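These notes are about the structure you will find just below.
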Amino acid sequence: MGHSKEDKATSHARIVEVASARMRESGTASPGVAEIMNAAGLTHGGFYKHFGSRDDLVAEAIGKAFADADAAVEEVTRDVDDPLAAFVDWYASVAHCDDPATGCAVVALGSDIARGDDRVRAAYRRQVERYLDNLEQLLGSGEDARRKAVVVLSSLVGAVLVARAVDDEALSEEILRDVRAAAKASGLSAARVRG
């Protein structure tokens, strides 16, 4: 008995979701196809009914990760008095740092993406540009808004990367706290101009 198109679409989405989380946790080189399919509750043999290659899966999984990040940014900045502070508090939080599987793929996959194919690198660049555009708007107009956006984004990504890597919880929290404060301070002059 065959599977319906709806069943296939549901299975496909589950594979992409599992792969997206696993790759944010451990990189794009692993996990393997068999591990992803098993975690999705499917057989390894069914992989090629959904994807032409592992690279196709990687591209979709990373696309899902970026879509998840966009949704998270929208959620944390919607209907708040200070969207910059809300974004910074979310991004450089202990919760985000401690959960790479659902966190931002820009920080989780940066070093892997540099070795990825053109599709993956282009998707990564587009995500970085979306973050920069959003930050520019949050930081206000002005000649240095783009420069501030680049510094804030790089600081946030670097803080989460380093905080995840250190083996000292207190140091990890200190890094996140201090970068949050510095990033929010970057927006103070913009808030004064808008206010």
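Taking the condition of being β-branched (Val, Ile, Thr), part of a helix (DSSP H, G or I) and surrounded by fewer than 18 Cβ atoms within 10 Å (Cβ to Cβ), how many residues in segment 142-174 meet it?
Here the count works out to 3.
In segment 121-141, is there at least one residue being surrounded by fewer than 19 Cβ atoms within 10 Å (Cβ to Cβ), of a type in the set (Val, Ile, Thr), out of contact with any Leu (no Cβ under 6 Å at 6 or more places or on another chain) and closer than 21 Å to Pro83 by Cα?
Checking segment 121-141: at least one residue is surrounded by fewer than 19 Cβ atoms within 10 Å (Cβ to Cβ), of a type in the set (Val, Ile, Thr), out of contact with any Leu (no Cβ under 6 Å at 6 or more places or on another chain) and closer than 21 Å to Pro83 by Cα.
Taking segment 136-154 as the search range and keeping residues that are at pLDDT below 95 and among the hydrophobic types (A, V, I, L, M, F, W, C), which one is nearest to the chain's Cα centre (by Cα)?
Filtering first and then ranking leaves Leu138.
Any residue in segment 148-167 that is closer than 14 Å to Gly187 by Cβ sitting within a Cβ distance under 9 Å of a residue that is among the acidic types (Asp, Glu)? List the pairs, counting only those 6 or more apart or interchain.
The qualifying pairs are Lys148/Glu136; Ala149/Asp133; Ala149/Glu136.
Mind telling me which of the residues Ser20, Ser53, Ser11 ends up being more than 27 Å from Arg164 (Cβ to Cβ) and surrounded by 15 or more Cβ atoms within 10 Å (Cβ to Cβ)?
Result: Ser11 is the single residue among Ser20, Ser53, Ser11 that is more than 27 Å from Arg164 (Cβ to Cβ) and surrounded by 15 or more Cβ atoms within 10 Å (Cβ to Cβ).
For segment 82-94, which residues satisfy the criterion of being hydrophobic (A, V, I, L, M, F, W, C) and assigned to a loop (DSSP other than H, G, I, E, B)?
Ala92
List every residue pair whose Cβ atoms sit under 6 Å apart, with the two residues 6 or more apart in sequence or on different chains, where the first one lies in segment 124-142 and is on the phi > 0 side of the Ramachandran plot and the second, anywhere, is part of a helix (DSSP H, G or I) and not basic (Lys, Arg).
Correct list of pairs: Gly140/Ala190; Gly140/Val193.
Of the conditions (1) in a helix (DSSP H, G or I); (2) modelled with pLDDT of 95 or more; (3) of a type outside the set (Ser, Thr, Tyr), Asp79 fails just one. Which one is it?
For Asp79, the exception is condition (1).
What number goes with the only condition from (1) in a helix (DSSP H, G or I); (2) among the β-branched types (Val, Ile, Thr); (3) touching a residue at least 60 places away in the same chain (Cβ under 8 Å) that Thr102 does not pass?
The one condition Thr102 does not meet is (1).
For segment 18-39, state whether one or more residues are in contact (Cβ under 8 Å) with a residue 24 or more places away in the chain, among the polar types (S, T, N, Q), assigned to a loop (DSSP other than H, G, I, E, B) and within 30 Å of Ser186 (Cβ to Cβ).
No: zero hits.
The values are calculated or read from the model by the stated rules, or taken from the named source; none is laboratory data. Just so it is clear, the structure is predicted and the values come from calculations on it, not from any experiment. Note that we place each Cβ from the backbone using ideal geometry, even for glycine, and neighbour counts take in every protein chain shown.
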